[in-house]
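Shown next, in structure tokens, is the structure this report addresses.
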Amino acid sequence: MTDLELIKACKKGDTSAQEALYHRFKAKLFGVCLRYAESYQEAEDFLQDGFIQIYKDLYQYQPFGSLEGWLRRVVVNVALQHIRKKKKWQKAGDLSNMEYKMESGHDIIADLSAKNLVKMVQGLPDGYRAVFNLYVIEGYSHQEIGELLGISSGTSKSQLSRAKAFLRDLLNKTVLT
């Protein structure tokens, strides 16, 4: 069954088509959820809520673009709603005293698995994690991030800067210890 046929069947309330849609996209969408969540369990919640929202909003899907892209956007928005509800934006800290010592020529990324990198991103405070994912992974501008999260573009920029500093610190601790 093609994506378009699957969507038409889902819109008609066909539960087997809804199940097929879930199984076709759950792995990719779960990967998106993991980047925004603090834990595996929270990512599962994001995914479940995401699919509930997908089924509710399926009538809005226009087959002009990628179905997967539309599904990703819905799931990202659900994750952001959860994060906004928590409202745990990290307060500005003094980053001027942070130092980062790297061995010259050492390739940190080569020493890490994708699983470790996801865990590091999950370790970011909520605000940092949301802005980092939206800017670095999803490609949103600071202006767009500000609108999505209800913050200024300046706050988005500072959250991204702090997220990067936080990740550098984690990388140093992981690789150099």
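Computed extension length for LYS164-TYR55: 35.7 nm, one decimal, from 0.36 nm per residue of separation with the Cα-Cα distance subtracted.
For segment 44-87, state the average projected area of the convex hull of the C-alpha atoms over all orientations, rounded to one decimal in nm². Average projection, Cα convex hull of segment 44-87: 3.1 nm². Here the average projected area of the convex hull drawn through the C-alpha atoms of segment 109-176 stands at 4.4 nm². The modelled label-to-label distance between PHE64 and LEU117, using points 7 Å beyond Cα along the C-beta direction, is 3.3 nm.
Remark: the ALA27-GLU144 segment gains 39.5 nm on full extension, using 0.36 nm per residue and subtracting the alpha carbon distance.
For segment 3-86, the gyration tensor built on C-alpha atoms gives a prolate shape. Its axis ratio a/c (a ≥ b ≥ c) is at least 1.5, and a/b is the larger of a/b and b/c. In plain terms, the chain from ASP14 to LYS157 could stretch by 47.0 nm, reckoned as 0.36 nm per residue minus the Cα-Cα distance. Using Cβ point charges alone (K and R +1, D and E -1), the dipole size of segment 3-86 about the Cα centre works out to roughly 260 debye.
Note on segment 5-46: along the principal axes its Cα atoms extend 35, 14, 12 Å, ordered by decreasing extent.
Legend: calculated FRET efficiency, LYS173 to TYR40, from the Cβ-Cβ distance at R0 = 22 Å, rounded to 0.05, equals 0.50. The packing ranking of peptides 61-72, 139-150, 119-130, 30-41, highest mean first, is 119-130, 30-41, 139-150, 61-72, where packing means the average number of other beta carbon atoms within 10 angstrom of each residue.
Would you mind checking the pairs LYS28/LYS119; LYS8/LYS56; LYS86/LYS173; LYS115/LYS164 and listing those with alpha carbons more than 21 angstrom apart? From the list (LYS28/LYS119; LYS8/LYS56; LYS86/LYS173; LYS115/LYS164), the Cα-Cα distance tops 21 Å for LYS86/LYS173.
Bear in mind that the values in this text are calculations on the coordinates, not laboratory data. In this text, all values refer to a predicted model and were calculated from it rather than measured experimentally. Methodologically, a virtual Cβ is constructed for each residue, glycine included, from the backbone with ideal geometry; neighbour enumeration extends over all protein chains shown.
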